[in-house]
Each structure stands twice: as C-alpha cells, then as structure tokens.
Amino acid sequence: MKSISVKQTIKVLGILLILSIFIVISVSIYLNQKNIKDATIVNIAGKQRMLTQRITKNIYYLYNTRSHDFKEIDQAIDEFNYGLDTLKNGNSLLNISEAPTQEINNQISKVLVLWKTFEKNTNDFKTALLNNDIANLNYLLSYMYKSNNELLEEVDEIVTLYTMHIEEKTNFIKKFQYVSFAFLFVFALYSLIQLKQIESHAREFFEKYKKISSSEISNLEPMEISSEQEFVEIADGMNCFIDKVNSVITYSQSALEQSEVAANQLEALTKEFGNIIQDLENKPEIMKNIDMSEDIAIESSENLLKTTKQLNELKKQLDSLLKNCKN
C-alpha cells in the first residue's frame, strides 16, 4: 500500500480542520439567525391575540357610546390581515418564510376561516351602527362575545405550535453544537497523534544523523519507517548509504588483516631462504635458481607493499569521509 506523504498529511489535516470550523460557525450563525426570525414570528402571532381583543373591546365601546369612529377597528383589522398573511405565506420584506410545518399551516388556515366570518360580522356591525339597527346590533354583539373566545383560542394554538417548533430547533442546535464539539475534539486528538508521529520520525532521523556524525560509524542499524512517503524515501536512501559504508569498512578491515598476515608469512619465508642460502652458497646451480626465486619473492613483496599502500589510501579516504560527516 502506498504511503501518505507528510505534505499530503498536513494539507489534509489543515483542510479538514478549516472546513470543520467553517461549517460549525456557518451552521451556528444560520440557526441563530433563524431563531431571531422565529422570535419575530412568535411576536406577530402573539400580536394577533391582542388585535382580536382590541377589536372586540372597541366594538363594545362603540356600541355603548354610539360613536362612529371606526379608525381603531379598521387599523386593527388591517394589522390582523397583514400578520395572518405573513404567518401563512411569509414576508420577503421581513425575510420570513411561509409556515414551516404542515401542522402550523393547517392551524393558520383554520384561524383564517374563523377570521373571515369575524371580519364580515365586524363590518356588518359598523353598518348596523351607522343605521342604528338595534336588533342587528344586539345579534352581532352576542356573536362577537361567543366567537371572540373561539378565535382567541385558535390564535393561541398558533403561538403554541410556533413555540414548540422553536424549542425543537433550539434542542437541535444544542445537539449539533455538542456533536460538533465532540467531532472537533476527536479530530484535534487525531491531528495531534499524526503530528507526534511525524515528530518522532524527524527525531529518529536527527539521532541517526548524530550517530553517523560521531566517530563510531561502523555497524549502523538500518531505519525502519513505513508511514509518510518522504520519510520512507529518505530512510531508503540513508539505509543504502549505511549498507555501503558498513560493507566498505568490513572489506577494508579484512584486507588489512590479510595483508598483515601475508607480510608476516613473507618475512618468515625470507628468513628461511636466508638460512638455505647460507647452507647452499657453495652450489652455483642451486644458487642460480635461488636467485630467481628471490627475485620473484622480492617482486611479490613489492606488489604486496603496493596493495598495502592502496588499502592505506582507502583507509585515509574513509577517515576523511568520517571527518566530513562530523563537520
């Protein structure tokens, strides 16, 4: 399986963190704005109750005083119609949407039916008052007394439904915030673990570098990393370098040991030949062959000295490499 690079890991963690924070903040702001709008809607629904009471109260006042000043009643009727239409169909000016649930919409429709009859009878009351139609006034007044309570109860139901709807959204906001906090906490913990792992690998590289820079460069152990791609690639390169250094050092030490053994053997052989020469110095033919063997031995010795010199040069180069690593 292909490992993930450090760059990709940090980039993914950063993007997810920023995206998570942005989503949480955006959703929280949106839901809070919806709560503000819902509070406005509840105020409108609550005002509807007040308007029905105001109309009924003004009707009794006009009946008792026989006044023809319908300004307050007309204003209350217009406000009630405006508020009821806002609750049902929404209001772009106030940035209010239509009824959020089917239950609320059905309740508004029910109030609308009662209100149309109530509004018609209110207008009939004004006409009867202008015409001083006592019988019709008494009938309409009795109707207002009964229907006002029914209309008020249905309007109260709208307020109750909206209040319950707002409470549900408030609970949802709380749950969303709790879940978001838990997610951000887990994500932050995961990010911390990933960063600690990257830090651990970086520290391992630093310790390996210090060991290479020290005088004890032999027998370095390879690095074992299988996570981030960059660390894997660098570890492979460093392990290859370590293997080569260990191999060269082992080979050079073995060659030096072998050259020393050969030199000792050659010295012993030279001494042995010296003794033989002393015994055979009066035999010319044998001396001639010995001279030839001695020439061969001398030539081999010179070759061996050259090999030893080359190995010493290799050792000097390795010492120079070690010195450069330390610097």
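The values are calculated or read from the model by the stated rules, or taken from the named source; none is laboratory data. Every value quoted in this text rests on a predicted model; they were computed, and no experiment measured them. Cβ atoms come from the backbone with ideal geometry, glycine included; neighbour counts cover every protein chain shown.
Okay, here's what the table says:
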| item | result |
| --- | --- |
| Given (1) among the hydrophobic types (A, V, I, L, M, F, W, C); (2) out of contact with any Phe, Trp or Tyr (no Cβ under 7 Å at 6 or more places or on another chain); (3) assigned to a helix (DSSP H, G or I), number of the condition Ile59 does not satisfy | (2) |
| Subset tally (residues that are at pLDDT below 80 and loosely packed, with under 14 Cβ neighbours inside 10 Å) for segment 38-55 | 1 |
| Enumeration of residues in segment 128-186 that are touching a residue at least 24 places away in the same chain (Cβ under 8 Å), closer than 16 Å to Ala99 by Cα and among the polar types (S, T, N, Q) | Thr163 |
| Criterion violated by Lys116 - all others in (1) at pLDDT below 90; (2) over 45 Å from the mean Cα position of the chain (by Cα); (3) not aliphatic (A, V, I, L, M) satisfied | (1) |
| Among the candidates Thr122, Thr127, Thr160, residue that is in a helix (DSSP H, G or I), in the same structural domain as Asn58 (by TED's automatic domain parsing), more than 24 Å from Phe70 (Cβ to Cβ) and not aromatic (Phe, Trp, Tyr) | Thr160 |
| Some residue of segment 174-191 being assigned by TED's automatic domain parsing to the domain that holds Arg49, surrounded by 12 or more Cβ atoms within 10 Å (Cβ to Cβ) and either in contact with an Asp or Glu (Cβ under 7 Å, 6 or more places away or on another chain) or closer than 25 Å to Arg49 by Cα (or both) | no |
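Yes/no per residue for (1) β-branched (Val, Ile, Thr); (2) part of a helix (DSSP H, G or I):
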position: Ile73; (1), (2): yes, yes
position: Glu79; (1), (2): no, yes
position: Thr86; (1), (2): yes, yes
position: Leu94; (1), (2): no, no
position: Glu103; (1), (2): no, yes
position: Ile108; (1), (2): yes, yes
